[in-house]
Amino acid sequence: MTSPDRRARALEVLREQRIETPSWGYGNSGTRFKVFAQPGVPRTPEEKIDDAATVHRFTGVAPLVSLHIPWDRVEDFAALAEHARAQGIELGAINANTFQDDDYRLGSVCHPDPAVRRKATDHLLECVDIMDATGSRDLKLWFADGTNYPGQDSIRDRQDRLAEVLAEVYARLTGDQRLLLEYKFFEPAVYTTDVPDWGTSFAHCLALGPQAQVVLDTGHHAPGTNIEFIVATLLRHGRLGAFDFNSRFYADDDLMAGAADPFQLFRIMHELVQAEAVAGVPATGSSTGQPISFFLDQCHNIEPKVAAMIRSVTNIQEATAKALLVDTDALTAAQRSGDVLGAYAVLKDAYDTDVRPLLGELREGLGLHPDPSAAYAASGYFEQVSRDRVGGEQAGWGA
Ligand code: PSV
Ligand code: MN
Ligand code: MN
């Protein structure tokens, strides 16, 4: 492919890319030391959706918002979906929450007491009911389950309990609904975590069936883990269902995607581009035959939230654009001839390309301002919601 052809192809793919933003990223959040409240923060699920719609209005590629239950619980989910549609976006994944109840001190779906497991399972089943009402395709499961001390519980029994609950929830799915199982190596548990890594998630998904896939949260690995290797492996087995994008310097920092290590994000995108799995099309061999979901999962503790979400979306677009510009013919030739430095140079050339003009062209083609961050700052949206959203309880992470 010639360089102009690659550029044209990149524009085509970027036009179809979809990034889903998290409702909880618009609410107040903080560390365990302090939550800094910000002006203009949404007070209701509807206002979170309005903020998500604003991100889409300026970027053109974020037409979905994920919900977290019970944080976004409303009386009428079909009406909430209608509210989203009226703002130009759709409700996306439903995230379950089995980690904020006194009953879950020793875990939820892996708890030794069957009554607690029943309660957690019923919540997961209720999340599928909500998916039916909202038209959501993805049930995203992350469990805070684990133990803090050797001997606290049987590692194997906990896996058996988990498998049993997942099977019940999986059996409740209909149509193209997917069960997406997220892993995280530690926190809140610090000795064992019941779904600590991609292998454990993958094994459970394989046992469940084709509609179960793995979620890779970029902040959920030990430092130094080669994430693109995990991406390549899951793609190879057709079980990469979704990303939770964010970035980190230390642990699960939930900073803006692409902020801490843009080269890592580029390397991840390179694996996806190789599998033609970036934009709206299923990766070859996907067990569900459905596209990978690109979720953001981040919290903005000190930075303004909508602006941070817009920056995260454009960071992902930049990494994707660079990956799409890799000269794959030259790369393959270098790889096959053992030209180590030549192969590296091909990747580095693409990574070093200034893709902002290309993305500006993409946005102008969509009738948008070429610089979403500048256009948003000039729009007065933040000032307007800061004036309007007074009174009531402002939504926070967990509220
Ligand atoms: C856990 O750290 C996690 O990344 C999971 O995706 C949750 O759903 C999300 O945070 C919000 O709690
Ligand atoms: Mn996550
Ligand atoms: Mn996390």
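Read-outs: derived from the displayed coordinates by stated rules, not from any lab. Fair warning: this is a prediction, and the values are worked out from it, not measured in the lab. All Cβ positions, even for glycine, are placed from backbone atoms using ideal geometry, and neighbour counts span all protein chains on display.
Return the FRET efficiency for the residue pair residue 191, residue 16: r is the Cβ-Cβ distance, R0 is 41 Å, and the value is rounded to the nearest 0.05.
With a Förster radius of 41 Å, E is 0.40.
Sorting 131, 309, 1 on the 10 Å Cβ count, fewest up front, what's the list?
Numbers: 131 24, 309 30, 1 11.
Lowest count first: 1, 131, 309.
Pairs of alpha-carbon atoms within less than 8 angstrom and 6+ residues apart define the contacts here; what relative contact order does segment 264-358 have, in percent?
Details: 73 pairs, mean separation 24.8, N = 95.
Taking the mean separation of contacting Cα pairs over the length of segment 264-358, I get 26 percent.
Residues of segment 1-38 with the amide nitrogen closer than 11 Å to a label point 7 Å from the Cα of residue 333, along Cα-to-Cβ, please.
1
With the chain treated as a Gaussian network of Cα nodes joined by springs under 10 Å, which of 48, 348, 34 yields the largest mean-square fluctuation?
In this elastic network of the chain, the residue with the biggest mean-square fluctuation among 48, 348, 34 is 34.
In nm, what is the difference between 0.36 nm times the number of residues separating residue 86 and residue 156 and their Cα-Cα distance?
20.4 nm
Give the total of Lys-Lys pairs in the chain with Cα-Cα distances below 23 Å; include a pair only if its members are 8 or more places apart or on different chains.
9
Which one of 280, 171, 41 is farthest out on the positive end of the charge dipole of the chain, using unit charges on Cβ (Lys, Arg +1; Asp, Glu -1) and the Cα centre as origin?
The residue sitting farthest along the positive end of the dipole is 280.
Charges only on Cβ, +1 for Lys and Arg, -1 for Asp and Glu: so what's the dipole of the chain about the Cα centre, in debye to the nearest 20?
Here the size comes out at about 420 debye.
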